[in-house]
1. Around GLY60, which amide H atoms from residues at least 5 apart in sequence, or from another chain, sit under 5 Å from its own amide H, with H modelled in the peptide plane?
2. Hey, rough spin-label estimate for TRP290 and GLU78, points 7 angstrom out along Cα→Cβ, what's it come to in nanometres?
3. Are there trypsin sites (Lys or Arg not before Pro) in region 137-167 that DSSP puts in a loop and that have at most 11 other Cβ atoms within 10 Å, and which ones?
4. Could you give the length gained by full extension between SER51 and ASP227, i.e. 0.36 nm per residue of separation minus their alpha carbon distance, to one decimal place?
5. My understanding is that a pair violates if its Cα-Cα distance is over 24 Å; which of LYS133/LYS161; LYS41/LYS161; LYS121/LYS142 do that in this structure?
6. Which distance in nm do the two modelled labels at LYS38 and THR102 give, with both placed 7 Å along the Cα-to-Cβ direction?
7. At a Förster distance of 35 Å, what's the computed FRET efficiency of THR154 paired with ASP298, Cβ-Cβ distance as r, to 0.05?
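Each value in this text was obtained by applying a stated rule to the coordinates, not by laboratory testing. Quick caveat: nothing in here was measured; it's all calculated off a predicted structure. Methodologically, a virtual Cβ is constructed for each residue, glycine included, from the backbone with ideal geometry; neighbour enumeration extends over all protein chains shown.
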Amino acid sequence: MRRLVSLILVAAVGLPANLALAGDEPDTEMIVGGKPAKPGKFPYQVRLYASADDEKGFCGGSIIDPQWILTAGHCVVEGSDAQGPQAPVETVFVGYGSTDRTETTKIESEKIVVHPLYLEKALSGGGDVALVKLKEPIPGAKKVEIADPDTEKTLVTRGVKVTVTGWGAIWDPEDKEVVELLSKVAPQADVTERLSFPRKLHEADIHVMARDECRAIYEPQQLGIADSEICALKPRSVTNSCYGDSGGPLVVLAEEPRRYVQIGVVSWGDRCGRAGNPNVFARVASFSDWIEQTMTDDAPDPAPASP
């Protein structure tokens, strides 16, 4: 059964909304392969919160339009660890404008649209994406470009360097007790209290893995990799996903013009970056038509022309 992880470098997938974060910890450099992100470097990054007063949050997301956020389906459904039919939560708050998750500006959602494949089959279907429409546009929004199939074909090849960002859990690979807990089949209940959740946004560089190679790792665990998913890891490193930041963006740096293009959404992984186990992302190019159509269908009708 796939286990939800989060994105933070150890890289990130997601902490379910009903699982409280451990107490705030001082920022630390103990994440393997990761580092705090410079303010303004990833202006499209957002945090999802359960309420306007929440300072911790539970998932990441990205600004793809001043009024629309792209995130993971499992971040915004009831019973996110289930394998059967799902239903979206009623509302979330989206925080933007700061790399410190306690200082973001929050806007409440107006609508949450989860991909129908995820609503039907949850993580087993490979459709782990959702859109959050905000009640009002983000002023001066700095959105990220999303990859369509043609763009992805140009930018994404086996081994290409990509970047994952988030506020998810970090851990010390020298902490033998944590390492032992992570070796369990389902460690989440025991290990989350031993992890730190930084206030500041972190980033890490990892590399795209061929889908066949990823399948060879996960199929013995009876975990399938869909064509609508991308795998990535840092070879010979524990830089990879952990609990707390699902829904965050995986981006590649494009040239001419130089900009980040989002190719993935943090979805799931295996026990916080055990060496050799890649993180799995929803493949944005597989859902680009659905994303554009959903936003277009929701757009207001143009005002009638004056007589």
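1. The list, which skips near neighbours in sequence, is LEU48, SER246, GLY247, GLY248.
2. 2.1
3. Details: sites: LYS142, LYS143, LYS153, ARG158, LYS161; in loops: LYS142, LYS143, ARG158.
Hits after loop and neighbour filter: ARG158.
4. Gain in length upon complete extension: 59.9 nm.
5. The pairs that break the limit, which is 24 Å between Cα atoms, are LYS133/LYS161; LYS121/LYS142.
6. 2.5
7. Efficiency, rounded to the nearest 0.05: 0.75.
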